[in-house]
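Here, each number is a calculation from the coordinates, and none is a lab measurement. Note that the structure is predicted; figures quoted are calculated from it, not measured. In this analysis, Cβ positions are derived from the backbone assuming ideal geometry, glycine residues included, and neighbour counts consider all displayed protein chains.
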Amino acid sequence: MSRVLVTGGASGLGAALVARFVAGGHQVLCTDVAVDGPGDGATYLQLDVRNAADWSTAVEWCEQNWGGLDILMNNAGIATGGRIDVETLDEWDRVVDINLMGVVRGCRAFTPMFKRQRSGHIVNTASAAGLVHPPMMSSYNTVKAGVVALSETLSHELHPYGVAVSVVCPSFFRTNLADSIRGADTAMSATARQLIEKSPRSADDIADVVLAGIKKKQFLIIPDRPALLAWRTKRFARPLYNRQMRKIAERARARAESG
Ligand SMILES: NC(=O)c1ccc[n+]([C@@H]2O[C@H](COP(=O)([O-])OP(=O)(O)OC[C@H]3O[C@@H](n4cnc5c(N)ncnc54)[C@H](O)[C@@H]3O)[C@@H](O)[C@H]2O)c1
């Protein structure tokens, strides 16, 4: 039985993972930015990943109630995007603070405990956008690539302490993520909303594959075919990948210039 902390556990992928860990008989601390959260067999703690004090409280909670932690799932995140000259710097600051620094804070908060334990598993939710970088998504791509880089760095750095690291890189799947979009580039936001809400994949589909990857302590967890295909195309057929990306950009230019 593992002791698991999930951030962004009130919705989407986080909630699907919480449900699976609870069903598997694990002890789960479900956290989210909201004051109240689901009470479905997990303990709920309010944790805003932007807030260092909330992280300290979570570490203390795990120490006092569980005497440690086995799996830290840095999963909370928001969606952003837009053309580089349209998206605002405030939006960049917001997504860096939540999607990148939120993960950094979580890793920093729990690493001393994991080092002392000589065990632990950090699982960071990035995105396929952390591996492949479509146009008009620069802020989201940049922070998710940062999460991939952070995860790889820590997988090496913490290996001598017996601490494993995984990074999850899914393509679009159906959740409430589109509700977090506040961007100035409303045309691009509408496209992102459609891709999330019309995806054939649910959070449950993704959570099943993520869980299997966690069990194997797999570093790179790519839980769906479109993400895997895009990653392989970039690695093994770069000219084709570039053509696909340029086509998307060209369509966006034509749309923007036709008004
Ligand atoms: N849905 C997709 O298409 C998709 C694709 C790739 C990656 N992801 C990533 O998956 C993760 C989970 O997203 P989801 O799709 O389940 O979306 P979701 O909106 O359904 O769930 C995200 C949760 O994070 C919480 N959250 C937001 N800001 C927070 C903060 N500051 N502190 C704590 N919690 C906060 C929200 O309240 C929400 O409960 C995110 O990191 C997202 O970037 C999603």
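Data overview
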{"quantity": "Potential lengthening between residue 97 and residue 2 on full extension [0.36 nm per residue; Cα-Cα distance subtracted]", "calculated": "31.3 nm"}
{"quantity": "Neighbourhood charge, 14 Å Cβ-Cβ cut-off, centred on residue 71 and excluding it, Lys, Arg +1 and Asp, Glu -1", "calculated": "+4"}
{"quantity": "Simple spin-label estimate for residue 245 and residue 258 in nanometres, 7 Å along Cα-Cβ", "calculated": "2.5 nm"}
{"quantity": "Equivalent ellipsoid, the stretch 3-231 (semi-axes from 5 times Cα gyration tensor eigenvalues, Å)", "calculated": "27, 18, 18"}
{"quantity": "Too-long pairs where the Cα-Cα distance tops 28 Å, listed order kept, from 115/144; 144/247; 144/234; 216/247", "calculated": "216/247"}
{"quantity": "Exposed trypsin sites (Lys or Arg not before Pro) absent - longest run of the chain, DSSP non-H/G/I/E/B, at most 12 other C-beta within 10 Å", "calculated": "1-117"}
{"quantity": "Centroid-to-centroid separation of the stretch 1-53 and the stretch 142-185 [C-alpha atoms, Å]", "calculated": "17 Å"}
{"quantity": "Over the chain: helical MRE at 222 nm, DSSP H runs n ≥ 4 each giving -39500 (n - 2.57), nearest 500", "calculated": "-16000 deg cm²/dmol"}
{"quantity": "Nitroxide proxy distance, nm - points 7 Å out along Cα→Cβ at residue 215 and residue 89", "calculated": "4.9 nm"}
